[in-house]
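One structure is given here, and the rest of the page talks about it.
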Amino acid sequence: VTTLHTGGKKTVTYNDSSLNRNELVQKSSGEGSGTVSNSTVYFNGRGQANKSAYQAGSSNYNATSTKYDVMGRQWKVSMPYDTGSSPSYWTENTYEYL
């Protein structure tokens, strides 16, 4: 937990079993309690970020997903989507084999 100069707090937690990192930023008690931002990054077994989710409203989360090819290069990145559904639109990267 880091206390910011405004009195707010930033909490970063890691979960090794589910391979994710959460970052929560909260207002100081003088500003009225509440969450400023809440985001989670999920990693694959190689340590590459494959999903980033952030809070958009009181209970709604938006996310972007990333897929990698067999060589570990970024293959596809999704457009933002609601975490209650699957990504529909992707940007795809291609690489020369040489």
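Between amide H atoms placed 1.01 Å from N, distances below 5 Å from K51 occur with Y42, T66, all of them 5 or more places distant or on a separate chain.
Annotation: per residue accessible area for the chain equals 71 Å², rounded to a whole number [probe 1.4 Å, protein chains only].
Over the chain, with every protein chain in place, what whole percent of the accessible area is carbon and sulfur at 1.4 Å, could you tell me? Walk me through the numbers before you get to the answer.
Values: 3460 of 6970 Å².
Within the chain, the accessible surface is 50 percent carbon and sulfur.
Over the chain, what lengths in whole Å, largest first, do the semi-axes of the equivalent ellipsoid take, defined as the square roots of 5 times the eigenvalues of the alpha-carbon gyration tensor? Before the final figure, lay out the partial values.
Numbers: eigenvalues 204, 51, 23 Å².
Over the Cα atoms of the chain, the ellipsoid semi-axes are 32, 16, 11 Å.
About the Cα centre, and with charges only on the beta carbon of Lys, Arg (+1) and Asp, Glu (-1), how big is the dipole of the chain? Nearest 20 debye, please.
180
For G8, the residues 5 or more places off, or on other chains, whose built amide H falls under 5 Å of its own are S28. Remark on A56: its backbone amide H falls under 5 Å from those of Y61, N62, a criterion applied only to residues 5 or more positions apart or on other chains, H modelled at 1.01 Å from N.
Coupling constants for region 76-92 follow from the phi torsions by the Karplus curve (6.51 cos²θ - 1.76 cosθ + 1.60, θ = phi - 60°), and in residue order they are 9, 10, 7, 6, x, 8, 6, 5, x, 10, 9, x, 10, 10, 10, 9, 10 Hz; glycine and proline get x.
The values are calculated or read from the model by the stated rules, or taken from the named source; none is laboratory data. Small disclaimer: the values here were computed from a predicted structure and weren't measured. A quick note on method: Cβ atoms are made from the backbone with ideal geometry, for glycine too, and the neighbour counts reach across all protein chains shown. To get the accessible areas, we keep the full protein, side chains included, count just its heavy atoms, and leave off ligands, DNA and RNA. Shrake-Rupley method; radii C 1.70, N 1.55, O 1.52, S 1.80 Å.
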